Structures are given as C-alpha cells and as structure tokens.
Amino acid sequence: MAKPGRPGAGNSKKKGATKGTGGLGRKALEGRGPTPKAEDRSWHVAGKRKAAQERFAAAGGKGKAGGQKPQSRDMNRQSRSKATDDTETVTGRNSVLEALRTKIPATTFYIAQRVEMDDRVKEMLSIARNREIPVLEVTRQELDRMAGFDGVHQGVALKVPPYEYAHPQDLLEQVIDRGEMPLFVALDGITDPRNLGAIIRSTAAFGGHGIILPQRRSASVNSAAWKTSAGAAARLPVALAANLTTLLKEFKKQGVFVLGLDGGGDVALPALELADRPVVIVVGSEGKGLSRLVTETCDQIVSIPISSATESLNAGIAASVALYQVSTVRAAAE
C-alpha cells in the first residue's frame, strides 16, 4: 500500500524522458514583448513621479519644463530627515492655504498621492511653486502620521517654523497707534489647543486685535490650534505674558477695561455698558474657571445668561458670545 505523501508533492523516482510540455517551453522563450519604460509603470517610482508631474501641470504648473514639481517621498528621505523637531505641521486645506497666502516662511509642502484637485489645492501648488517651496508627494498614511491621532489633513500639510509670539505691550501700542479701539482676549488656564484655535478664529471674526496667553499652564499655537483656527492663526497675532495678572494690571493703568467671564458674574452680558471702551476679555478654563488672582484683577466679572438645562458653555463658545456682544455695542456706538 502506497504511503500517503504531502498534497501536491510528487514522489516518483522515475528518471528519463517525461511527457511533453505542449509547447509551453517555446512560448516561454518567446517572452512577453519589450519591457515597458519605468515611467510607464504606474507602480514604479518613476511612474508615480510622472503622474504627479502631470497632475501638477494640470493645476497650472510647468511639469518637467520648469517650476517646482512634486517629488516622491523616497527621493526626498534625506532632506526630510534633516528637518528639525521644533517645526510645526499645519494640516487641512483652509489652514494650509491661509498660511501660504500670508507668506509664512514654510519649509515644505506635502500633498497626498492621487489627491482630489480643487481650486484650493491648485492655488496651494501655484503659491508653493512661485515661492520655491519644496513640494513632496507622500502617501496618505504618511500624512496621517504627520497630522497625529485625531488630525484631519484633507490630503495636504505644510511644515512651518515654530510660532513667533508677539509681546502684549507691543500689540497694544500698535493698535493705539492705528487709532483703533483695542479688543483683546486673554486666556487663563486654557490648555486645550483646539479651544485656543476656536478662540483665535472667533476673535478674528469679530474684529479682535490679538490673543494673550500666559507662558505657563497654557495651550500653545501648535498644529491642532492651527487646524481649529481654520487659518486665522496666520492673520491674528498671539502674545505671551510672563505673568497674566501683572500684565492685566499694566493694561488697566493704560485705560484698558478688564472683563472676566464667569458663570457667577455680578453683571449679565447684555447689560454691559462699558464694552465701547478698550477691552480685554479674560476667559477661564472650563473646569476651574478664572483663577483667584485674575478674578481679583478684573474690573468686572460678567456672566452669560443660559438655559437651566445647560450647566455651562464651552470656553470657545463663551468667548465667541462675549466678542459678538462687544462688537455689537461698538457698532451701535459708531
């Protein structure tokens, strides 16, 4: 009885002639024709580079003939590895476009392979080409890594230097020199960069002149703040104060009214009568609210009337409501 062998494994020991191949040998010798050029193979690095050049040319670039063209990630590993760790990555089409429009000194523009082209992407590529910013085509997985766990990149990213904070007193003097009525927002204990980004966006929308952050225990202008601000971080200055309480006292000496937001405020926001003078709105953290020293420094603590069904407002929403009220009072006074 024959011993069972492995499935598909031959165990014949016969030597000599075997059955013919039916012409398969001749067909193998004939081959598959000439090998396609590397650039004509979609899976090859050269093929991907050619496809990227064609997309770039369709967006208004010049392809191989000139201008800045997207390059494959593999061709640029060396230049990427030289990047410093203190750079920030701006993601999202609105944020990246605003950063490019405001001429922030970007170092690299990243675009996803086979990205869907719209007017914003075309404008990004055009600005990058004109400013000679390197354009790298990368996989979506690479952009996912750059954007972080909860980041949304929409197929584009921009490497920018660390954010350059302004000095609060410089901001105040600049606004006064322009003959404008100062309106600032100071953050006391806001540690979520997404809240910071939302407040930056609202401040810019309602005519504010800048954000003031304490150096310690505060969110910073990072990639998450950039993204949430929808590009407003490229237009609105953010200043750092060594000590927020000390700075607010200095602002008060210069005639700035310090308005603190708190649910237990002694004045309801609609009844506020002093919003038509220089104002800095101070927003506390959602958990602890305003710190004791900052509360004692404020000229007035103001509350926002809300339904009893809601315990409190998000810091970003509270800031938006207060900014809208101030801008409405100012518009009525003009």
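Observations on the structure shown:
- Consider segment 109-158 and keep the residues that are in contact (Cβ under 8 Å) with a residue 40 or more places away in the chain, closer than 16 Å to Thr91 by Cα and among the polar types (S, T, N, Q). The one that is surrounded by the fewest Cβ atoms within 10 Å (Cβ to Cβ) is Thr139.
- Residue in segment 296-309 that is in contact (Cβ under 8 Å) with a residue 60 or more places away in the chain and within 25 Å of Ser229 (Cα to Cα) present: no
- In segment 176-216, the qualifying residues are those that are more than 19 Å from the chain's Cα centre (by Cα) and assigned to a helix (DSSP H, G or I), and the one that is surrounded by the fewest Cβ atoms within 10 Å (Cβ to Cβ) is Asp177.
- Positions within segment 248-265 being farther than 28 Å from Glu311 by Cα and either surrounded by fewer than 22 Cβ atoms within 10 Å (Cβ to Cβ) or not assigned by TED's automatic domain parsing to the domain that holds Thr297 (or both), in sequence order: Lys249, Glu250, Lys252, Lys253, Gln254, Gly255, Val256
The values are calculated or read from the model by the stated rules, or taken from the named source; none is laboratory data. Since the model is a prediction, treat every value here as computed from it, not as a measurement. Cβ coordinates were reconstructed from backbone atoms using ideal geometry, including for glycine residues, and neighbour counts include every protein chain displayed.
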